[in-house]
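I have placed the structure first, in the form of structure tokens, so that the comments after it can refer back to it.
The values are calculated or read from the model by the stated rules, or taken from the named source; none is laboratory data. None of these values were measured; they are calculated from a predicted model. Cβ placement follows ideal geometry from the backbone for every residue including glycine, while neighbour counts extend to all protein chains displayed.
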Amino acid sequence: MAQRGSLDDTTRDMKGSLMRLARLFRPERARIIGVVFLTLVGTIAMLMTPKLLGDATNIVVDGVARDGVDFTKLGNLALFIIGLYALHAVANISGGALARISVQNLGSRLRRDAQEKIDRLPLAYVDQQARGDLLSRVTNDIDNIVQTLMQTLGQTIYAIYMVIGVLSMMFYLSWSLALWSLFVVPIGMFAVAKILKRSKPAFREQWKRTGDVSAIVEQTFTGHDVVAVYGMEADINESFDEANEKLFNAGFRGFFLSMLAQPIMGLVSNLSFVVIAVVGGLQVINGSLSIGGIQAFIQYSRQLNNPVAMIASVANMLQSSAASGERLFDFLDTPDVPADADAALPPFSGGGTIQFENVEFGYEPGKAVIKGLNLDVARGSQVAIVGPTGAGKTTLVNLLMRFYEIDSGSIRIDDVDIREYSRQSLRSRTGMVLQDTWLFDGTIEENIAFGAQTATHDDVVKAAKATGVDHLIRQLPNGYNTHIDDEDGNLSTGEKQLITIARAYLSDPDILILDEATSSVDTRTEMLVQRAMGELRAGRTSFVIAHRLSTIRDADLILVMVDGNVVEQGNHEELMRAGGAYYDLYQAQFTGSQEAE
């Protein structure tokens, strides 16, 4: 019973996915109407030919039996039949082209919706999902939907028309023979329906396993260096083989079950042909059906079996499309970031006065990471945040940027709650340099000017000089026009970091956040960056997350965080005199450095 309930749930979900895909065709109504009309024209042309060929046979038979064959009548009929074949071909080609355009437009809209959805996703959702699986949903699953609909849209309409038309013609020629020939069809359809029902869960699992494989490949690619360093290739390959085998098994199971539909319908077709041959032969003998009539009936019988088998095949392919649609719509239906305010953060110079008032936050309900945080940051001051890993340092600035929303309390800029401003307005006045660099596929100049679209070449050069990266850029063959991306092997991690720091410099933010911005650069480069950051921080409110305590000795305020709480705050001298947590961190780091030397 459990299995039946599972199959029923799967059926409902997949039917819902197919219905939703059908509704997405509404903008293509005109083209779909064109497909329906052209398919009808082509179907009528095809339905007329067996009857006309039977008439041609009767002309020959009657002519031989009587006064001779009327070749003029036979020739005109042959030309008319050729014209119908030509009309069928033109209608099919035109209808197929309209169907392809409609499906491609649908695919384009799905990709656009997926891209726009990415921009509206909460950061928490992205953090909790495997990146490879998300990429598979917006690439592999959409491609599967498009390819499946490309093959099935026109075929489905054609098959329905053909079944209705062929049955009508069969009953027109001989209703009794039609009933005899159709006697075995329900048995085949019942068997096919059972098979397709069993194939649905297999297709769902197939596309889920495709996402799992994509996730492993993506992680292996992005972490290739780490995998190689630790010699984990064999373990990664073992994980991949396991996931790949599950994908193979799910795909094979769905394919095998669905492919049973064709042989079953072939068996039904052969049984039907036997019935037609026997019963139809008897009807010809007793004169109730002509030779041309039985010839036409046999052709119609063959034409009936083709669309019936086609419908079974289409139903099979639609199971795969529905499984992909279910995964895609699950992604698209993820709740967006909560509605934003329309107000814009007013312009201010010299940073802003920032207050954290009884701020509580946890990534999971009941597990607070920030607990009752109270903090006053003066305008234009430099705040350094230190503490052990997991203390909540990065979480604090993520809350300030509204990457996550606080559970309770408030964060205020110049006495106004930041939730009263739009996220875009807040972030546009904030510059952020992360420990992990991100460069997009483009030139160095385009990467530095990212977020400052009105910046000129001179502005870019000025930012590069201020952050100490100009001389490195000029050593490259194409200078500022050098093409790079995030995986570029020609740039060191430190050089990439300098480019992102230049990007932040060029954006001229009011509030600056540096999250371990100098952790990936060497000592000499760090000195250049520190000098540039000193100029950049001048007159701005800035937050610096740092593990190297020597780099934040001049901070106006140092926050020491432990388990989501600010346990100490003050400047370097005050905290050293207090002999508390900061003193212990500083001494441990300084002693460690001395011992290393």
Which numbered condition residue 367 misses (of (1) surrounded by 21 or more Cβ atoms within 10 Å (Cβ to Cβ); (2) under 38 Å from the mean Cα position of the chain (by Cα)): (1)
Look through segment 406-417, keep the residues that are touching a residue at least 40 places away in the same chain (Cβ under 8 Å) and not charged (D, E, K, R), and return whichever of them is surrounded by the fewest Cβ atoms within 10 Å (Cβ to Cβ). 408
Give me a count of the residues in segment 548-557 that are closer than 18 Å to residue 512 by Cα, in contact with a helix residue (DSSP H, G or I) (Cβ under 9 Å, 6 or more places away or on another chain), in contact (Cβ under 8 Å) with a residue 40 or more places away in the chain and buried (at least 16 other Cβ atoms within 10 Å of the Cβ). 2
Could you check, for segment 354-376, whether at least one of its residues is without any contact (Cβ under 8 Å) to a residue 60 or more places away in the chain, in contact with a Gly (Cβ under 8 Å, 6 or more places away or on another chain) and of a type in the set (A, V, I, L, M)? yes
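Table: residues versus (1) among the basic types (Lys, Arg); (2) crowded, with 22+ Cβ neighbours inside 10 Å; (3) assigned to a helix (DSSP H, G or I).
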site: 301; (1), (2), (3): no, yes, yes
site: 306; (1), (2), (3): no, no, yes
site: 313; (1), (2), (3): no, no, yes
site: 317; (1), (2), (3): no, no, yes
site: 323; (1), (2), (3): no, yes, yes
site: 331; (1), (2), (3): no, no, yes
site: 334; (1), (2), (3): no, no, no
Kindly establish whether residue 403 is within 25 Å of residue 371 (Cβ to Cβ), crowded, with 17+ Cβ neighbours inside 10 Å, touching a residue at least 40 places away in the same chain (Cβ under 8 Å) and not hydroxyl-bearing (Ser, Thr, Tyr). yes
Subset of segment 196-223, residues among the aliphatic types (A, V, I, L, M), modelled with pLDDT of 70 or more and more than 17 Å from the chain's Cα centre (by Cα), comes to 202
Report, by residue number, each residue of segment 353-378 that is closer than 24 Å to residue 570 by Cβ and in a loop (DSSP other than H, G, I, E, B). 353, 369, 378
Against the definition (buried (at least 18 other Cβ atoms within 10 Å of the Cβ), of a type outside the set (D, E, K, R) and not in a strand (DSSP E or B)), how does residue 439 come out, yes or no? yes
Scanning segment 20-38 residue by residue, the ones that are exposed (fewer than 12 other Cβ atoms within 10 Å of the Cβ) and either under 18 Å from residue 318 (Cβ atoms) or small (Gly, Ala, Ser) (or both) total 3
Exclusive hit being aromatic (Phe, Trp, Tyr) and at pLDDT below 75, set 543, 590: 590
Note on segment 558-586: residues touching a residue at least 24 places away in the same chain (Cβ under 8 Å) and at positive phi are 563, 564
Yes or no: segment 93-102 includes at least one residue that is surrounded by 15 or more Cβ atoms within 10 Å (Cβ to Cβ), in a helix (DSSP H, G or I) and of a type in the set (D, E, K, R). yes
Given the conditions (1) of a type in the set (D, E, K, R); (2) farther than 25 Å from residue 120 by Cβ; (3) not in a strand (DSSP E or B), which single one is not true for residue 412? (3)
Report whether or not residue 431 is more than 25 Å from residue 395 (Cα to Cα) and either in contact with a Lys or Arg (Cβ under 8 Å, 6 or more places away or on another chain) or part of a strand (DSSP E or B) (or both). no
Filtered residues of segment 442-466 (kept if surrounded by fewer than 17 Cβ atoms within 10 Å (Cβ to Cβ) and either among the polar types (S, T, N, Q) or in contact (Cβ under 8 Å) with a residue 60 or more places away in the chain (or both)): 443, 453, 454, 456
If we keep just the residues of segment 284-308 that are within 13 Å of residue 272 (Cβ to Cβ) and aliphatic (A, V, I, L, M), which is farthest from the chain's Cα centre (by Cα)? 298
Quick check: is even one residue across segment 557-569 touching a Gly at 6+ places or on another chain (Cβ under 6 Å), at pLDDT 70 or above and not in a strand (DSSP E or B)? yes
Counting only residues that are surrounded by fewer than 20 Cβ atoms within 10 Å (Cβ to Cβ) and farther than 30 Å from residue 485 by Cα, which one in segment 418-436 is farthest from the chain's Cα centre (by Cα)? 420
Quick check on my filter: what residues within segment 263-292 are in contact with a helix residue (DSSP H, G or I) (Cβ under 8 Å, 6 or more places away or on another chain) and not small (Gly, Ala, Ser)? 264, 265, 267, 268, 273, 275, 276, 279, 283, 284, 289, 291
Could you list all residues from segment 483-520 that are under 20 Å from residue 551 (Cα atoms), among the hydroxyl-bearing types (Ser, Thr, Tyr) and either modelled with pLDDT under 80 or over 32 Å from the mean Cα position of the chain (by Cα) (or both)? 493, 505, 518, 519, 520
